[in-house]
1. Among residues belonging to the stretch 22-57 that are modelled with pLDDT under 95 and not in a strand (DSSP E or B), point out the one that is most open to solvent (accessible area, probe 1.4 Å).
2. Tell me which residues, restricted to the stretch 53-80, are in contact with a strand residue (DSSP E or B) (Cβ under 8 Å, 6 or more places away or on another chain), under 21 Å from residue 8 (Cα atoms) and not β-branched (Val, Ile, Thr).
3. Tally up the residues in the stretch 91-112 that are under 20 Å from residue 160 (Cβ atoms) and open to solvent by less than 30 Å² (accessible area, probe 1.4 Å), please.
4. Within the stretch 135-142, can one find any residue that is touching a Pro at 6+ places or on another chain (Cβ under 7 Å), under 26 Å from residue 34 (Cα atoms) and surrounded by 14 or more Cβ atoms within 10 Å (Cβ to Cβ)?
5. Which of (1) away from ligand 2 (no atom under 11 Å from the Cβ); (2) touching a strand residue (DSSP E or B) at 6+ places or on another chain (Cβ under 9 Å) does residue 121 not meet, given it meets every other one?
6. Counting only residues that are in a helix (DSSP H, G or I) and farther than 18 Å from residue 149 by Cβ, which one in the stretch 113-134 is most open to solvent (accessible area, probe 1.4 Å)?
7. Say whether the condition of being more than 10 Å from ligand 1 (Cβ to nearest atom) and assigned to a helix (DSSP H, G or I) is met by at least one residue in the stretch 64-83.
8. For the stretch 9-21, give me the residue count where each residue is within 16 Å of ligand 2 (Cβ to nearest atom) and either touching a residue at least 60 places away in the same chain (Cβ under 8 Å) or open to solvent by 80 Å² or more (accessible area, probe 1.4 Å) (or both).
Amino acid sequence: MEKTKVLYEGKAKIMYETDEPGKLIVYFKDDATAGNGAKKGTIEGKGSINNEMSAFFFKMLKDHGINSHFVEKINDREMVVKSLDMIALEVIVRNVAAGSLAKRLGFPEGTPLKTPVLEYCYKNDELGDPIVNRYHIMVLDVASVNELDEIEHISFSVNQILSNFLRSKNINLIDFKLEFGRDENGKIVLADEISPDNCRFWDITTNEKLDKDRFRRDMGGVEEAYQEMLKRVTA
Ligand code: ADP
Ligand code: UDP
């Protein structure tokens, strides 16, 4: 398979069209941004770690009956995925209050939530990815009610599968962000990545943060945290 042209270069990945119709190659970069691009930097080795961890989680989810865009990992920094008609939503699932939810509800970070919370953000850099509800999504014409039902069903299943698995690695899955697209038959398919860039992972014993918050909050030990997560996940 050959890359033919850059379809899209984002903040963390480059999506290439290929000579195989319907298939893309994703290249995972070391670039990191936070605050909707306000803070920029590099996390050395991140691309390789996020590629490997995403491939691992997509395979694990497939074994549990959840389809994703993942086809195969082809090298250290690249995977082949199915090209999808992306839905412009960030779907966030939370088990413990952190980040923007802790601020919005006035919960101290680390407060366990009575029930998992699902939020949508409208993926739009100009607007700063605002939080939206189902009614906003209807008037934006981003997804249908049936599609949202399916997205929510898959997102909560992913939460269960990942939370259970990570608990066995002494990791608390605090929250995470998913993206979805439509395949050629209009079916909802999980896309993008699952990595320390878009999940919060805390050590169960120490509450140590093993994710991108170390970069966002200038905590140091960023590379080490990504390496530690990959080691635990794949051990
Ligand atoms: P961003 O757009 O937030 O800067 P990335 O650097 O992660 O993000 O770029 C990846 C882009 O590719 C995102 O816009 C994402 O929605 C999109 N994408 C992810 N999976 C697929 C897919 N299977 N088909 C088409 N686009 C995808
Ligand atoms: N997240 C993400 N991309 C975004 C915003 C959030 O991957 O553009 C992830 C983030 O890593 C965390 C979860 O979604 O796991 C919830 O993030 P939150 O809304 O608390 O955002 P933040 O604190 O980053 O503003």
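The values are calculated or read from the model by the stated rules, or taken from the named source; none is laboratory data. What you see is a predicted model; the values in this text were computed from it and never measured. Positions of Cβ are generated from backbone atoms using ideal geometry, with glycine treated the same way; all protein chains shown enter the neighbour counts. Quick note on the areas: whole protein, heavy atoms, side chains included, nothing else; ligands and nucleic acids left out. Shrake-Rupley method; radii C 1.70, N 1.55, O 1.52, S 1.80 Å.
1. Only one residue tops the list, namely 38.
2. 54, 55, 68, 69, 70, 72, 73, 77, 78, 79
3. 8
4. Among the residues of the stretch 135-142, not one is touching a Pro at 6+ places or on another chain (Cβ under 7 Å), under 26 Å from residue 34 (Cα atoms) and surrounded by 14 or more Cβ atoms within 10 Å (Cβ to Cβ), which makes the answer no.
5. Condition (1) is where residue 121 drops out.
6. The selected residue is 126.
7. No, the stretch 64-83 contains no residue that is more than 10 Å from ligand 1 (Cβ to nearest atom) and assigned to a helix (DSSP H, G or I).
8. Residues flagged as within 16 Å of ligand 2 (Cβ to nearest atom) and either touching a residue at least 60 places away in the same chain (Cβ under 8 Å) or open to solvent by 80 Å² or more (accessible area, probe 1.4 Å) (or both) within the stretch 9-21 amount to 3.
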